Amino acid sequence: MKKIITCLIGIAFINNSPNADTLIYAGNIIDGISNQMQPNATIHINGNTISKIAPGFSIPTDDDTVINLEESTVMPGLMDTHVHLTGEYNAKSQLQRFVLNEADYALNASMYAKKTLEAGFTVVRNLGDSYNVTIALRKAINNKIVPGPLILSAGKTLSSTGGHGDSTNGWAKIITGNQNAKDGIVNGEDDARKAVRQRYKDGADWIKVTATGGVLSVAKSGQNPQFTDAELNTIVKTAKDYGLRVAAHAHGTEGMKRAVMAGVASIEHGTYMNREIMLLMKQRGTFFVPTLLAGSWVAEKAKIDGFFPDLVRPKAAEIGPVAINTFTEAYEFGVPIVFGTDTGVSAHGDNAQEFALMVKAGMPEMEAIQSATSIAADFLGLAETHGSLTKGKIADVIAIQGNPLENIRLMEKVHFVMKGGVIYKQIYQ
């Protein structure tokens, strides 16, 4: 007998029969590739895979399960290529580093992963954590121990001493310890090789470097270059030897240029990117991950007395408007752009607020959605399995009510989430 799912909150396992399909009746489909929506179609899912997409609403067999989303716009699961699942910034973040243990970070990350999935993001790239928490979380999610998105993790960020990724910035000398390459602190080419190899040993999927200063680092400059050319070249070359790619946090132009010339796969933030950098990125196929949400969020919080340390506040106040203008120029110049938010600065689950900022900065709605679906999948090396609603892809499917091409803020109101053929959220308004 066919089953019709009409209202559900939580996790649902469906299709008990191996011959049964799950049929999603979609009022409109954004497939992640086409520039046009497809009205009134049925997504056929067998197990965890899309078996076909048929026009109209297919007649189910007695064993099929029907999910009625005829009033919704259905699209592929979204991808955020820059998150930090182990934390969420607040006015007490500096103090929390002294009171949280490994288990605290792990439990928080599990909670944030669930929020992220329920917001419609079925794949994330985690660019920096503590204690390799997201590598362990990746395993737990893959083994269906806890719910969450597919995680690609960089493990612990690589930084120079005192650099943006040096987690002891702002600490008293008595407690800073002596960090080394194993801890992600790189000073010289030998450290660079050791640090990459350690992350390979830890099970990382990517390498993350802080090529310049950062906004939230308790240090004066958010723009200065923090690796030498030789160090960056060694990191990228060693990563390539181990089948890994490198993402570079960078705000200032000189550090950005060094990272692009070294061969990193992506520039994260890119706040003060100039035309020279844009041209180099186009020529080398280096992706820009704009993280406009983080810039907007910290600029707003900088208005609150005492929210940020004194060294951080002026950097935070400046970055929001600059980031928007840089995005506009980069988009118009043709720099390849992929969706990423730096969530963990802002609240987990709010990732989709990035879409409205991208549209405000000049990117059309459909292109913004594609930057988080097919383009993100290609960038992450997942194009064969993810990123579009097409035959043979993993059944990562989300839905919203209304038309996001008319109102991009609807992306913030996902009411249906399926990952790998399993429903994790379904709420009818």
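The values are calculated or read from the model by the stated rules, or taken from the named source; none is laboratory data. Please read all numbers here as calculations on a predicted model, not as lab measurements. Positions of Cβ are backbone-derived with ideal geometry, glycine not excepted, and every protein chain shown enters the neighbour counts.
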Has segment 340-349 got any residue that is surrounded by 20 or more Cβ atoms within 10 Å (Cβ to Cβ), in a helix (DSSP H, G or I), hydrophobic (A, V, I, L, M, F, W, C) and on the phi < 0 side of the Ramachandran plot?
no
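Could you list, in sequence order, all residues of segment 111-144 that are part of a helix (DSSP H, G or I) and in contact with a Pro (Cβ under 9 Å, 6 or more places away or on another chain)?
First, the residues of segment 111-144 that are part of a helix (DSSP H, G or I): 111-118, 133-142.
Result: Ala113, Lys114, Thr116, Leu117, Glu118, Ile141.
So in segment 384-403, with the set limited to residues that are of a type in the set (Gly, Ala, Ser) and over 16 Å from the mean Cα position of the chain (by Cα), which one is nearest to Gly120 (Cα to Cα)?
The first filter runs over segment 384-403 and keeps only residues of a type in the set (Gly, Ala, Ser), leaving 387-388, 392, 395, 399, 402.
Still in the list and also over 16 Å from the mean Cα position of the chain (by Cα): 388, 392, 395, 399, 402.
Numbers: Ser388: 14, Gly392: 20, Ala395: 13, Ala399: 8, Gly402: 16 Å.
Applying the filter and picking the extreme gives Ala399.
So if I check each of Val246, Val298, Val289, Val264, which one is at pLDDT below 95, surrounded by 23 or more Cβ atoms within 10 Å (Cβ to Cβ) and of a type in the set (Val, Ile, Thr)?
Val298
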Criterion first (touching a Leu at 6+ places or on another chain (Cβ under 9 Å) and in the same structural domain as Gly155 (by TED's automatic domain parsing)) does Met273 satisfy it?
no
Residue that is modelled with pLDDT of 95 or more and surrounded by 22 or more Cβ atoms within 10 Å (Cβ to Cβ), where the choices are Ile29, Ile33, Ile53
Ile29
If only one of Gly213, Gly222 is at pLDDT below 95, out of contact with any Asp or Glu (no Cβ under 9 Å at 6 or more places or on another chain) and farther than 17 Å from Val246 by Cβ, which one is it?
Gly213
Looking at Phe416, Phe379, which one is aromatic (Phe, Trp, Tyr) and more than 26 Å from Trp297 (Cβ to Cβ)?
Phe416
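Which one is nearest to Thr326 (Cα to Cα) among residues in segment 363-378 that are out of contact with any helix residue (DSSP H, G or I) (no Cβ under 9 Å at 6 or more places or on another chain) and either assigned to a helix (DSSP H, G or I) or in the same structural domain as Met418 (by TED's automatic domain parsing) (or both)? Steps first, answer last, please.
The first filter runs over segment 363-378 and keeps only residues out of contact with any helix residue (DSSP H, G or I) (no Cβ under 9 Å at 6 or more places or on another chain), leaving 364, 366, 373-374, 377-378.
Of the ones still in play, those that are also either assigned to a helix (DSSP H, G or I) or in the same structural domain as Met418 (by TED's automatic domain parsing) (or both) are 366, 374, 377-378.
Numbers: Met366: 20, Ser374: 23, Ala377: 24, Asp378: 24 Å.
Filtering segment 363-378 for residues that are out of contact with any helix residue (DSSP H, G or I) (no Cβ under 9 Å at 6 or more places or on another chain) and either assigned to a helix (DSSP H, G or I) or in the same structural domain as Met418 (by TED's automatic domain parsing) (or both), the one nearest to Thr326 (Cα to Cα) comes out as Met366.
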Looking only at segment 165-210, filter to residues that are under 28 Å from the mean Cα position of the chain (by Cα) and among the hydroxyl-bearing types (Ser, Thr, Tyr); which one of those is modelled with the lowest pLDDT?
Thr168
Close pairs from segment 305-324: first assigned by TED's automatic domain parsing to the domain that holds Met358, partner assigned to a loop (DSSP other than H, G, I, E, B) and among the charged types (D, E, K, R), Cβ under 8 Å, at least 6 apart:
Leu311/Lys220; Ala317/Lys303
Has segment 1-17 got any residue that is assigned to a loop (DSSP other than H, G, I, E, B), in the same structural domain as Leu69 (by TED's automatic domain parsing), under 24 Å from Gln401 (Cβ atoms) and at pLDDT 60 or above?
no
